[in-house]
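One structure is given here, and the rest of the page talks about it.
The values are calculated or read from the model by the stated rules, or taken from the named source; none is laboratory data. None of the values given here were measured: they were computed from a predicted structure. Cβ sites come from the backbone with ideal geometry, for glycine too, and all protein chains shown count toward neighbours.
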Amino acid sequence: MGDFSANFQRQSMADGVFSLLRDQIISGQIPPGQKLTELDLVKTLGVSRTPIREALRLLLGEQLVEKRSSGGFSVTDVRMEDIRGIYNVRALLEGLMAREASVKLTTDDLEVLGEIIDRMHKVPTTDEQTIVLLGREFHAHIEHVAANRWAKEALQQIRGHIDRYRMLASRGKGRPVEAVREHQAIYSALVVGDAELAEHLMRQHVENSAGPALHVIEESFAARR
């Protein structure tokens, strides 16, 4: 029992370190390219090497960090091709879930989605953060209704990158009006049970949402020249 308790405590500590580092990478508090070593993290976080080593392994699995040839790890750089690739995969997965949800939605589900859309329309376009949060709620309910475990797990695997690029996009010019319009169109397709249109509109919406993040990266590259 003692060994089990000790192992559980170590795992809980590793999960805590992982969540902390993951959040700091996504928010940009730990910037792209930042070197991470076990020794530095031991000093900074005040924990032993074991949970830090496990946390770095989990971050490596999500490709939020990469191994350095000279030893240790560094935070993965944000690259144009990665943003495009992640959003293309996300578009395929969320489009599939919109298609599958369209034939499973109940009256109650449509009421939930309709209420989210109504709230979106009432939010001032200057309050982009609230629109983003409502958008996440809308997508999450479609994912819940679709109940495609494999698509959900695949999406979860890249969730850290999606959140990272969303945070990056928030630094640039957003597209709140377009986002509300696109969610409304997806909802309308779901109401009439048009699976093909719902999938198409969802994929288009996700692909469009990559624009602000790509724009921020382009400006960053231009500033370095």
Please specify each residue of the stretch 165-202 satisfying the condition of being surrounded by 18 or more Cβ atoms within 10 Å (Cβ to Cβ) and over 25 Å from GLY85 (Cα atoms). TYR187, ALA189, LEU190
For TRP150: the one exception among (1) out of contact with any Pro (no Cβ under 9 Å at 6 or more places or on another chain); (2) modelled with pLDDT under 95: (2)
Can you confirm whether the stretch 119-128 contains a residue that is free of Cβ contacts under 8 Å to residues at least 60 places away in the same chain and either under 23 Å from GLN29 (Cβ atoms) or outside the structural domain of VAL206 (by TED's automatic domain parsing) (or both)? yes
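Test ASP108 against the criterion of being in the same structural domain as ALA179 (by TED's automatic domain parsing) and either of a type in the set (Asp, Glu) or more than 30 Å from ASP194 (Cα to Cα) (or both), and give yes or no. Don't jump to the end; show me each part of the working.
Values: in the same structural domain as ALA179 (by TED's automatic domain parsing): yes; either of a type in the set (Asp, Glu) or more than 30 Å from ASP194 (Cα to Cα) (or both): yes.
Answer is yes for this residue.
Would you tally the residues in the stretch 157-201 being assigned to a helix (DSSP H, G or I), among the hydrophobic types (A, V, I, L, M, F, W, C) and within 29 Å of PRO32 (Cβ to Cβ)? Quick ask: steps written out before the conclusion?
Taking the stretch 157-201 first, the residues assigned to a helix (DSSP H, G or I) are 157, 159-169, 176-191, 195-201.
Still in the list and also among the hydrophobic types (A, V, I, L, M, F, W, C): 162, 167-169, 177, 179-180, 185-186, 189-191, 195, 197-198, 201.
Keeping just the survivors that are within 29 Å of PRO32 (Cβ to Cβ) gives 162, 167-169, 179.
Number of matching residues: 5.
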Name the helices (runs of 4 or more DSSP H) wholly within the stretch 1-112 that hold at least 3 residues that are of a type in the set (Val, Ile, Thr)? 2-27, 80-102
List every residue pair whose Cβ atoms lie under 9 Å apart, where the two residues are 6 or more positions apart in sequence or sit on different chains, the first residue falls within the stretch 60-78 and is under 19 Å from GLN157 (Cα atoms) and buried (at least 19 other Cβ atoms within 10 Å of the Cβ), and the second residue, located anywhere, is among the basic types (Lys, Arg) and at pLDDT 90 or above. LEU64/ARG22; VAL75/LYS35
